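My questions will all concern the structure given below.
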Amino acid sequence: MMKPARAKPPRRAVPKKPSNSGQKDPVGVYCRVRPLSPPDQECCIEVINETTVQLHPPDGCRVNRNGEFKETQYSFKQVFGTQVTQKDLFDVVAKPLVEDVIRGKNGLLFTYGVTGSGKTFTMTGSPGQGGLLPRCLHMIFNSISDFQAKRYVFKTDDKNGIEVQNEVDALLERQKRDAQPQLVTRTPLSRQRPEPEFADMINIEDACKVEEIDEDSVYSVFVSYIEIYNNYIYDLLEEVPIDPIKPKPPQSKILREDQNHNMYVAGCTEVEVKSTEEAFDVFWKGQKRRRIANTQLNRESSRSHSVFMIKLAQAPLDADGDHVLQEKEQVTVSQLSLVDLAGSERTNRTKAEGSRLREAGNINQSLMTLRTCIEALRENQICGTNKMVPYRDSKLTHLFKNYFDGEGKVRMIVCVNPKADDHEESLQVMRFAEMTQEVEVARPIDKPICGLTPGRRYRNLAFKDELTRRLEERGGPVNGEPEEQAVIEMLIQSFPPIPSCELLDSNDDQTLPRLIEALEKRRRIRQMMAEEFNKSVISFRAMLQDLNGVVAAKENIAQGRMTERERMIVSQKTEIERLEKKVKTLEYKIDILEKTTTIYEDEKRTLQQDLEAHQQKLQRQLSDKRRLEARLQGMVTENTMKWEKECERRVAAKQIEMQNKLWVKDEKLKQLKAIVTESKGDRPERPSREKDRDAKVPIRSISPSPVPNVPPVHSRHRRSRSAGAERWVDHKPTGSVETETVMQPHVPNAIKVSVASEKALAKCDKYMLTHQQLASDGEIETKLIKGDVFRTRGGGQSVQFTDIETLRQESPPGTSRKRRSSETNRPPQIENTDSEWTDVETRCSVAVEMKAGSNLGPGYQHHAIPKRRKP
């Protein structure tokens, strides 16, 4: 039989961290402009006012598309110019963070900028000009100097917490630490003289302190120093034993989350310090171990992100104001993190290679992750989305994720170098800073009140002073035991010495009287001492009674105050219960309103999506409609042009046909008129039938076949236009025969070609083709076919023939003319249809369109076919 499976216990809900989610503060972003190293160097950043800077591109930089320089302005919470001092910067930026730390709130301050912009100088400072870090330490110790706990009263654990020890355990811990061999001969750090290399940095004359501090608490300061190098965390304060044979490299640390969901570095060294000198000495030792390198842009360039954490632990005194409460829940821990980010750089400027190139890549990657997290936070807050922020992509952002979730204030100092070479990098830094200002961080809550009566410390001190004064009035100081012992010894010594009691003989009557007198004196002195002692006892009893009365009166007053406080607490509890009920009711209403808002937002988002989809659909339909209209318009235009051309062609063909008919009629009328008018004796003899047969068959030259589609032509002009101001293409084939006619074709300003080409037609507006053929009587007939050149839509040329001029040489009747031309130039017979000088297609590489059945009449066209170009 199978056992029933055990039900898993319900998972415990993670408690939410308290925060004022309703109240948020934007990230404070400040700008500091570094002075130019060579004063005569070109500057690209100008301070407009206390909150605005302007960037303008340097000479030789790329301009906009319109050729104008682009000047941009960026706004900050406050801008610090080149003449600002370290104190002015500290008072505005870091002083409020120190005040919050002493009041139990966390703070984060980091410097951001390109390499060589002054980040390390701003954070650390230089001799005579202490930076933000030493000033923060000096302000903290100047404020809590009178309220510090003894060493080892507060003790750190391994889980980012603070424990409280009693004074006995703290004393044993101090003795144990002092008994260690390496610490026997060493002077405590608080009594050492500071090292000369940083003595001027911590010598701050204009010291400041927090005025409103809890005087009923004790404080202790712990510092730690880490660096993030190549996305690994290293402890700069860890003491590694030196092995000269096989040295061990430093071990990287890991990040953990404590019970309050705060991130911390596990195993990090935390040193308790009691003065500014001691704290800065710890920082300086860690600073010497930090990784720096020499690059083309900075002689001491930081190759890692350094984080100096100041942790302040405070706990209230007990009701008597004499000892620290041993309750761990009453301990308040606040932290101030000072981050010196490594500078972003371009490898083509730093000429980085090898390990330097790898370091630069990791630095830029971590800064890019920081920028991505800021962008995600900004998008979630502005757009109301719930996009995941990639904190875990970098150790830097993962360590400080709690600050952006509402664990303290966040402030950033943007350091810029105004030299022209850093213009592009400064532009990117300004854009990131401008975006960071739009991120809001939830305001942390105030620390809870411990519930004890305030002013306990000073009342306890006043009570001790009063007790000491009264004891001095009545019997000397409280710690006067050595004086009393001296008085007793003096009184014993003032007793008269006892004379000798030895009787020498029986008649000795002096020894006994002297002894009796001495004893009487001693008895009187003893009585006097007893009386004085009784008086002292009486006075001491009276003093004790008075003291008991004072204590009873104080107890009555304290009891009355306690009763009053209890009444007040009861009334406050009642008010708190009422307010809690009201809060629950309001929370229930808020939940309902949030659900309703969520439903409305979902409906709104759905409707917006539907609206966008409909708009896109309408846009597509409108685009399709426009394309269809354009297509139809093109088709209509094309058909219109086609039909117009067809109509023009038909009209031209009809005109040519009618002109031919009129010409035939005219010829017939002329012949008829000649027959009627001429006499019978003058009539020529009728040619033989053979000659008629030959005359009836016209000899046609081998010319291109007519094309049925004849484009519209212009009306033919009978007047010869062989010469003129137009540019002509004189197309004369190579096989043409030179005739001996007086009228020879002469065309000025012409391009003579043997084969028609597109290049020649593109340069002229007139075209003339010389065509030779055999007439019916065997003579050579030369025809000059003329036309106009037009550009076609496809980019070529079209030749429309408009006129034909015929040159013919005939012999008179009854005579015969001997040909002077050689037998090689004799025109071939009509049967030789492949002759070179009669083959129009061979001589011309253009197409000819003419009326079907016309013998090269005035209605055909000549089209130039453009040569196909290579792709």
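Considering only region 232-256, state which residues are modelled with pLDDT of 90 or more and surrounded by fewer than 14 Cβ atoms within 10 Å (Cβ to Cβ).
Across region 232-256, the qualifying residue is only ILE254.
Also, quick follow-up: List every residue pair whose Cβ atoms sit under 8 Å apart, with the two residues 6 or more apart in sequence or on different chains, where the first one lies in region 403-431 and is of a type in the set (Asp, Glu) and the second, anywhere, is open to solvent by 10 Å² or more (accessible area, probe 1.4 Å) and in a helix (DSSP H, G or I).
So the pair list comes out as ASP421/ARG349.
Residue by residue, here is whether (1) at pLDDT below 90; (2) aromatic (Phe, Trp, Tyr); (3) open to solvent by less than 70 Å² (accessible area, probe 1.4 Å) holds:
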| site | (1), (2), (3) |
| --- | --- |
| ALA630 | no, no, yes |
| MET641 | no, no, yes |
| GLU646 | no, no, yes |
| LYS661 | no, no, no |
| VAL676 | yes, no, no |
| ARG693 | yes, no, no |
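Do we find that THR734 is modelled with pLDDT of 85 or more and either assigned to a strand (DSSP E or B) or loosely packed, with under 15 Cβ neighbours inside 10 Å (or both) in this structure?
Judged against the criteria, THR734 is not a match.
Is one or more of the residues making up region 88-108 within 18 Å of ARG431 (Cβ to Cβ) and either at pLDDT 90 or above or of a type in the set (A, V, I, L, M, F, W, C) (or both)?
Taking every residue of region 88-108 in turn, none turns out to be within 18 Å of ARG431 (Cβ to Cβ) and either at pLDDT 90 or above or of a type in the set (A, V, I, L, M, F, W, C) (or both).
Could you pull out the residue among GLN527, GLN510, GLN493 that is modelled with pLDDT under 60 and either out of contact with any Gly (no Cβ under 8 Å at 6 or more places or on another chain) or not aliphatic (A, V, I, L, M) (or both)?
The unique qualifying residue is GLN493.
Right, something else. Could you look through region 386-401, keep only residues that are part of a loop (DSSP other than H, G, I, E, B) and open to solvent by 30 Å² or more (accessible area, probe 1.4 Å), and pick out the one that is farthest from GLN365 (Cα to Cα)?
This residue is ASN386.
Cβ-Cβ under 9 Å, sequence separation 6+ or interchain: first residue in region 585-599 and of a type outside the set (Val, Ile, Thr), partner in a helix (DSSP H, G or I) and surrounded by fewer than 11 Cβ atoms within 10 Å (Cβ to Cβ). Which pairs?
From region 585-599, no pairs qualify.
Step by step: first the residues of region 753-810, then only those that are among the aliphatic types (A, V, I, L, M) and free of Cβ contacts under 8 Å to residues at least 40 places away in the same chain, then the one that is surrounded by the most Cβ atoms within 10 Å (Cβ to Cβ). Which residue is that?
Among them, the one singled out is ALA760.
For ASN364, indicate whether it is free of Cβ contacts under 8 Å to residues at least 60 places away in the same chain, under 19 Å from SER304 (Cβ atoms) and open to solvent by 10 Å² or more (accessible area, probe 1.4 Å).
So ASN364 passes the test.
Hey, could you check region 756-798 for residues that are among the β-branched types (Val, Ile, Thr) and at pLDDT below 85 and say which is nearest to GLU738 (Cα to Cα)?
ILE780
For region 114-147, what are the residues that are assigned to a strand (DSSP E or B) and crowded, with 17+ Cβ neighbours inside 10 Å?
VAL114, GLY125, GLY130 - these are the residues of region 114-147 that are assigned to a strand (DSSP E or B) and crowded, with 17+ Cβ neighbours inside 10 Å.
Let me ask another. Identify the single condition in (1) more than 16 Å from PHE222 (Cβ to Cβ); (2) at pLDDT 85 or above; (3) hydrophobic (A, V, I, L, M, F, W, C) that ALA319 does not satisfy, given that it satisfies every other one.
It fails just one condition, (2).
From the set of residues in region 155-193 that are modelled with pLDDT under 70, open to solvent by less than 80 Å² (accessible area, probe 1.4 Å) and of a type in the set (A, V, I, L, M, F, W, C), which is nearest to GLN335 (Cα to Cα)?
LEU189
Do we have any residue at all in region 368-379 that's at pLDDT below 90 and under 25 Å from PRO57 (Cβ atoms)?
Yes, some residue in region 368-379 is at pLDDT below 90 and under 25 Å from PRO57 (Cβ atoms).
The values are calculated or read from the model by the stated rules, or taken from the named source; none is laboratory data. Just so it is clear, the structure is predicted and the values come from calculations on it, not from any experiment. Note that each Cβ is placed from the backbone with ideal geometry, even for glycine, and that neighbours are counted across all protein chains shown. Keep in mind that these areas ignore ligands, DNA and RNA; they rest on the heavy atoms of the full protein, side chains included. Shrake-Rupley method; radii C 1.70, N 1.55, O 1.52, S 1.80 Å.
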